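As structure tokens, the structure follows; a few thoughts come after it.
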Amino acid sequence: MKSKRIPALLVTIAMALLVASPLAAQLKSPDDVKTALRLLVQVSNDFKRQITNKNFARVPHENMEYMEAAEALRGAVKDEPAAFKGKVETRLKAALAAYQKISDMSATTPDADKLMAEHAKAVTAMNALFDLFPADLRPDPNTPPGGRGRGPAPATN
Amino acid sequence: MLALFLGCGPKPKAEPQVVDLYIASDGDFLDFVPDTLTCRTGARVCLTFHHAGKIISARHDWVLTYPGKLDALTKDCLDLDGILAQDDPLVIARTPLCDKGQTVMVEFTAPRPGDYPFVCATHPEDMRGVLHVTS
């Protein structure tokens, strides 16, 4: 009797996971979602670079670009079920607030260490957003965009 | 007689080869597509750059520098927030900065043979490539 219950439980859990997190094939616009998530990471990395280079005046511009990427994500999920859209919106707002905080701090507290600490929190918020999407659509928020578009390094440089 | 006549005249100056090169941003991503270009030395190059972005408002351009000067140019770009001086000695040729969806052009004479790095002045650490100038 007990042995019959375990498979049934596993099936129930699997079904629940499928409902909670739509697979890539079930998303209406997986390519648009993938693009938007990649752009969020790209801009997040630019935040980090501007902070590292102490180019604090540039940070608010990066925040504007982050909002543009966020808008692209909203567009990419606009035809998804309301429950899923609601989850995305909640976590997206949390990520946006975290990056907005960095932007605000760059003007009031231009301290690279403090800004980097806030950036780490923002990446965590972005990770929580990415967790809602299938793994094959998710970029790694901690991976810098190195290797893309670099081309062969000039031998003399 | 005709051959003698033709052979004796002043040698006509060869017109420089004209080469059309096309390059674009990888949509909104920070890449050039393609990231390698090729032309012959002395050619008149007409380069067209298209900003293929549709989402992010970042501006891009195409800036060619000398072999061995990539790091120096990158530093200039970062220090000057992508707004290089008109007479920057590190720059061989460059297009104007452009917004998403726009296309810009630049003409220049291909320098002597070598591998010449190019960047986007506003994203010099990501958007990079090489112009191979052949003999």
(message) If you take each beta carbon of peptide B:76-86 and count the beta carbons of other chains within 10 angstrom, what is the mean?
(response) 1
(request) Would you mind classifying the range A:27-137 by shape? Square roots of the alpha carbon gyration tensor eigenvalues, ordered a ≥ b ≥ c; an a/c under 1.5 is rounded, otherwise it is prolate if a/b is larger than b/c and oblate if not. (result) prolate
(request) Give the peptides A:125-132, B:86-93, A:32-39 in descending order of average Cβ contacts within 10 Å, highest first. (result) A:32-39, A:125-132, B:86-93
(message) For chain B, what does the relative contact order come out to in percent, with C-alpha contacts under 8 Å and a separation of six or more?
(response) 31 percent
(message) How would chain B be classified by its alpha-carbon gyration tensor: rounded, prolate or oblate, with rounded meaning a/c under 1.5 and the a/b versus b/c comparison settling the rest?
(response) prolate
(message) With 10 angstrom as the radius, rank B:Ser135, B:Ser25 by how many other C-beta atoms surround their C-beta, starting from the fewest.
(response) B:Ser135, B:Ser25
(request) Add +1 for every Lys or Arg and -1 for every Asp or Glu among the other residues with Cβ under 11 Å from the Cβ of B:Gln102, and state the total. (result) 0
(message) Nearest 500 deg cm²/dmol is fine: what mean residue ellipticity at 222 nm does chain B get from its DSSP H runs of n ≥ 4 alone, each adding -39,500 (n - 2.57), divided by its residue count?
(response) -3500 deg cm²/dmol
(request) Give me the angle, in degrees from 0 to 90, between the Cα long axis of helix B:70-79 and the longest principal axis of the Cα atoms of chain B, rounded to the nearest 10. (result) 40 degrees
(request) Given a cut-off of 31 Å, name the pairs among A:Lys114/B:Lys100; A:Lys48/A:Lys78; A:Lys28/B:Lys54 whose C-alpha atoms lie farther apart than that in the structure shown. (result) A:Lys114/B:Lys100
(request) Summarise the partner chain shielding of A:38-48 as one whole number: the mean count of Cβ atoms from other chains within 10 Å of each residue's Cβ. (result) 3
(message) Taking R0 as 35 Å, what FRET efficiency do you get between A:Thr124 and B:Asp79 from their Cβ-Cβ distance, rounded to the nearest 0.05?
(response) 0.65
(request) Run the dipole for the range A:27-137 about the Cα centre, Lys and Arg Cβ at +1, Asp and Glu Cβ at -1, nothing else charged, and hand back the magnitude in debye, nearest 20. (result) 160 debye
(message) Using the basic label-point model (7 angstrom from Cα toward the beta carbon), what is the A:Lys93 to B:Glu15 distance in nanometres?
(response) 6.5 nm
(message) With the crude spin-label approximation of a point 7 Å out along Cα→Cβ, what separation in nm comes out for A:Ala135 versus B:Asp87?
(response) 5.9 nm
(request) Sort B:Ile56, A:Ile102 so the one with the fewest other Cβ atoms within 10 Å of its own Cβ comes first. (result) B:Ile56, A:Ile102
(message) Charges on Cβ only, +1 for Lys and Arg, -1 for Asp and Glu, centred on the Cα centroid of the range B:16-134; of B:His132, B:Ala85, B:His50, which one is farthest towards the dipole's positive end?
(response) B:His132
(request) Can you tell me the order of B:103-109, B:29-35, A:40-46 when each peptide is scored by its average per-residue count of other Cβ atoms within 10 angstrom, highest first? (result) A:40-46, B:29-35, B:103-109
(message) Relative contact order for the range A:21-96: what percent, with Cα pairs under 8 Å and sequence separation of 6 or more?
(response) 38 percent
(request) Among the aspartates and glutamates, select those whose C-alpha is under 19 Å from the C-alpha of A:Lys121, and discard any that sit fewer than 8 residues away in the same chain. (result) A:Asp46, A:Glu62, A:Glu65, A:Glu89, A:Asp104, A:Asp111, A:Asp113, A:Asp131, A:Asp140
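Tally the DSSP beta bridges in chain B and give the antiparallel ones as a percent, rounded to 5.
65 percent
Quick note: the coordinates plus some simple rules give every number you see, no bench work behind them. Remember, it's a predicted structure, so these values are computed and weren't measured experimentally. With ideal geometry, Cβ positions are generated from the backbone for all residues, glycine too; neighbour counts draw on all protein chains shown.
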